[in-house]
Amino acid sequence: PTALDRLADLLRVHEMKQLFKVHLVSFFLEAYQMPVMVFVGEQGSIKTTIAKSIKQIVDPSGEIVSSLPKKTDDLLLHLDSRYLVNFDNISYFDQEISNILCRAITGDGTSKRQLYTDADEVIWTYIRKIILNGIAPSLEYPDLRDRCIIYKTTPIKEEERITELEFNQRLEEILPSVLG
């Protein structure tokens, strides 16, 4: 099997495996719009581990996993500071957050008045890669839902579980081939 096949197996991405591999590789194409990678599933189905692993592979700078900021200004700053954002344990967000995520995917800009000025403006334009995960994240807004690829995860049986240390060792072992 290829390095990407071994990675998909380690991350337990069995359904839509081929699409997942293409989606992962596409995250390296900086100037192109890519759908949001969404992992949904029950507790214990390693959603966070999968998302953290992808973040480490594609954009190891900064924090590996984040909570979705509740304030739009904080979200805009978060998106401006990272190439790939990985929002963990998402359950719900409002229309305004959904719209900001859509603009971050497509490269449209967002502007606001510069702090302590009346006429100056700050304009953010970027194309970001985004990962969301949660047990049942609310993707009720059609614009965002149309920009997502949803991967369903399944709980790991007790006898199939490995330690975090063992998982990280396996990931480190195949990482040079994945990136090569």
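The values are calculated or read from the model by the stated rules, or taken from the named source; none is laboratory data. Here the structure is a predicted model, which is why all the values come from computation and not from measurement. We place every Cβ from the backbone using ideal geometry, glycine too, and count neighbours over all the protein chains shown. Quick note on the areas: whole protein, heavy atoms, side chains included, nothing else; ligands and nucleic acids left out. Shrake-Rupley method; radii C 1.70, N 1.55, O 1.52, S 1.80 Å.
In debye, nearest 20: dipole of the range 1-103 around its Cα centre with unit charges on the Cβ of K, R (+) and D, E (-)?
260
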Going through the cross-link list K21/K70; K70/K157; K55/K152; K21/K71; K17/K71, which pairs have a Cα-Cα distance over 29 Å in this structure?
K21/K70; K70/K157; K21/K71; K17/K71
Please find, in a Gaussian network model of the chain (springs between Cα atoms separated by less than 10 Å), the residue of F28, F167, F20 whose mean-square fluctuation is greatest.
F167
Please compute the per residue accessible area over the chain with all protein chains in place, 1.4 Å probe, rounded to a whole number of Å².
55
Taking Cα atoms only, helix 47-58 is inclined relative to the longest principal axis of the chain by an angle, in degrees rounded to 10, of 70
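Kirkwood-based Rg over Rh for the chain (C-alpha set), two decimals? All intermediate terms of the calculation are to be shown ahead of the outcome.
Working: Rg = 17.1 Å, Rh = 17.2 Å.
For the chain, the value is 1.00.
Using the Cα centre as the reference, give the magnitude of the dipole from point charges on the C-beta atoms of the chain (Lys, Arg: +1; Asp, Glu: -1; all else neutral), rounded to the nearest 20 debye.
Numbers: 21 positive and 27 negative charges, 63 e Å.
Rounded to the nearest 20 debye, it is 300 debye.
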So what is the calculated 222 nm ellipticity per residue for the chain, using -39500 (n - 2.57) for each DSSP H run with n of 4 or more, over all residues, to the nearest 500 deg cm²/dmol?
-11500 deg cm²/dmol
In sequence order, what are the phi-derived ³J(HN,Hα) couplings for the range 71-86 according to the Karplus relation 6.51 cos²θ - 1.76 cosθ + 1.60 with θ = phi - 60°, rounded to whole Hz, with x for glycine and proline?
8, 5, 4, 5, 5, 4, 5, 4, 5, 5, 8, 9, 7, 10, 10, 10
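Need one number: % antiparallel among DSSP beta bridges in the chain, to the nearest 5. Can you show the working numbers first?
Details: 5 of 19 bridges.
So the antiparallel bridges amount to about 25 percent of the total.
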The chain, accessible surface, carbon-and-sulfur percent (1.4 angstrom probe):
50
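Once the mean 1/r over all distinct Cα pairs of the range 17-58 is inverted, what Kirkwood radius in angstroms do you read off? All intermediate terms of the calculation are to be shown ahead of the outcome.
Working: mean 1/r = 0.0881 Å⁻¹.
Value: 11.4 Å, from the Cα pair sum.
Classify the range 17-94 from the C-alpha gyration tensor, please: rounded if a/c falls under 1.5, else prolate or oblate depending on whether a/b exceeds b/c.
On the way: a/c = 1.65, a/b = 1.11, b/c = 1.48.
In terms of gyration-tensor shape, oblate.
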Backbone HN-Hα couplings from phi across the range 14-27 [Karplus 6.51/-1.76/1.60, Hz, Gly and Pro as x]:
9, 6, 6, 4, 5, 4, 4, 4, 5, 4, 4, 4, 5, 5
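What does the net charge come to around D108 if you take all other residues with beta carbon closer than 13 Å to its beta carbon, with K and R at +1 and D and E at -1?
Result for the local shell: +2.
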